[in-house]
Amino acid sequence: MDREFIAERQKGLQNYLNVITTNHILSNCELVKKFLDPNNYSANYTEIALQQVSMFFRSEPKWEVVEPLKDIGWRIRKKYFLMKIKNQPKERLVLSWADLGPDKYLSDKDFQCLIKLLPSCLHPYIYRVTFATANESSALLIRMFNEKGTLKDLIYKAKPKDPFLKKYCNPKKIQGLELQQIKTYGRQILEVLKFLHDKGFPYGHLHASNVMLDGDTCRLLDLENSLLGLPSFYRSYFSQFRKINTLESVDVHCFGHLLYEMTYGRPPDSVPVDSFPPAPSMAVVAVLESTLSCEACKNGMPTVSRLLQMPLFSDVLLTTSEKPQFKIPTKLKEALRIAKECTEKRLMEEQKQIHQHRRLTRAQSHHGSEEERKKRKILARKKSKRSAVENSDEHPAKYSNSNNSGSGASSPLTSPSSPTPPSTSVEHAPF
């Protein structure tokens, strides 16, 4: 085949892949990852999940699988199944199974104890866990199935059971929420984040698909993700900014993404955001600027308490009679603290590597630019001419010394009668 044709096709394929990998949802798609890295994504995780779930049913026979919920989530290694209880066949539940992630620093014993503790967590803005269990390699949790779906389903007007890509990748209509919804939902989410931070329970997984809608109430999902050590949905964003280096600041930055999506009906095109489109209120823009702007990403995130004091949320009245309860034994609190520190340390190391790589890339790009090549060429010429002049000055001096060497008497150097020989130096090629 023609070489030019092949080169053109390769360039076209590379451009196509660049577009796909810069799309946050598509880049996390299993098909894309298997195409780009088949060696590390060759396992059939649905089959693995079914094996684990089958083992679970041997000891818990009251549950029964209705159907697998294929690809409703974005994670490759997390699978969902629609469930029912045998003696309550009309009631539907959702089972989620996930294996361990790269930030799992808890011991197996502490990990299993904390997973089994999750059903005891009661909070008006946390979605209740019906059942939870874990082994040394994965965790399995059951929650009630919600027909209304998540906050992301509301924003995108999607059906909860549809695949993730179909629901969110190409919405037919882009429309944000009403201002009062933004204020109320935002306040509820901030309240539960503050509760978890005060308890010393790391979250780090806030996004619109992890917020269940129950009437006019938002309830947080997937508290188990941090225990499993799973990567955050927005990690590729906040890993670029070295000031976002604690799980509390990660939650605040992720809240900024969520607020943007609630306001405009879509995620930001890129982060940091240079300028924000018109919003229902300048109070919304003020919060967005404090979490997603260039200045915020460079200087650091505000605290959750600070966000609660901002005008957008400070006047929201929450009416709930449910008293929060989540008792974590002292020993497990210490284990969580150590695991949190390890997670933050790995994040900072990753941010440092990214920073160094960007500096190197910028230096290489600058060094290889057309302007820099011209500068080096001019400098090489100047250096060549300077060497030529120095050589011409040295040559007559040596010539005069050789003429006077046999006389036994020294005499001052004189200018040569013959003209200076032309320079033979070669111009240096740019490197």
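The values are calculated or read from the model by the stated rules, or taken from the named source; none is laboratory data. This structure is a prediction, so every number in the text was calculated from the model and none was measured. Here Cβ is always computed from backbone atoms with ideal geometry, including for glycine, and neighbour counts include all displayed protein chains. Accessible surface areas use protein heavy atoms only, side chains included; no ligands, DNA or RNA. Shrake-Rupley method; radii C 1.70, N 1.55, O 1.52, S 1.80 Å.
In the range 268-286, which residues are in contact (Cβ under 8 Å) with a residue 12 or more places away in the chain and either touching a Pro at 6+ places or on another chain (Cβ under 9 Å) or in a loop (DSSP other than H, G, I, E, B) (or both)?
Residues satisfying the conditions are Pro268, Val271, Pro272, Asp274, Phe276, Pro277, Ala279, Pro280, Ser281, Ala283, Ala286.
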Q: Taking the options Phe164, Phe111, Phe131, Phe195, name whichever one is more than 28 Å from the chain's Cα centre (by Cα) and either in the same structural domain as Thr320 (by the TED database) or surrounded by 19 or more Cβ atoms within 10 Å (Cβ to Cβ) (or both).
A: Phe131
Q: Within the range 50-61, identify whether any single residue is assigned to a strand (DSSP E or B) and either in the same structural domain as Lys161 (by the TED database) or more than 29 Å from the chain's Cα centre (by Cα) (or both), and answer yes or no.
A: no
Q) Any idea which of Val19, Val94 is under 18 Å from Arg143 (Cβ atoms) and of a type outside the set (Lys, Arg)? A) Val94
Q. Quick check, is Leu154 in the same structural domain as Glu224 (by the TED database), open to solvent by 50 Å² or more (accessible area, probe 1.4 Å), over 30 Å from Arg306 (Cβ atoms) and under 25 Å from the mean Cα position of the chain (by Cα)?
A. no
Q) In the list Ser232, Ser226, which residue meets the criterion of being small (Gly, Ala, Ser), crowded, with 22+ Cβ neighbours inside 10 Å and assigned to a loop (DSSP other than H, G, I, E, B)? A) Ser232
Q. Within the range 21-49, can you find the residues that are surrounded by fewer than 16 Cβ atoms within 10 Å (Cβ to Cβ), hydrophobic (A, V, I, L, M, F, W, C) and in a loop (DSSP other than H, G, I, E, B)?
A. Ala43
Q) Can you name every residue in the range 258-267 that is assigned to a loop (DSSP other than H, G, I, E, B) and surrounded by 18 or more Cβ atoms within 10 Å (Cβ to Cβ)? A) Pro267
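Criterion first (over 28 Å from Thr246 (Cα atoms), in contact with a Phe, Trp or Tyr (Cβ under 8 Å, 6 or more places away or on another chain) and modelled with pLDDT of 95 or more) does Ile85 satisfy it?
Details: over 28 Å from Thr246 (Cα atoms): yes; in contact with a Phe, Trp or Tyr (Cβ under 8 Å, 6 or more places away or on another chain): yes; modelled with pLDDT of 95 or more: no.
Against the criterion (over 28 Å from Thr246 (Cα atoms), in contact with a Phe, Trp or Tyr (Cβ under 8 Å, 6 or more places away or on another chain) and modelled with pLDDT of 95 or more), Ile85 does not qualify.
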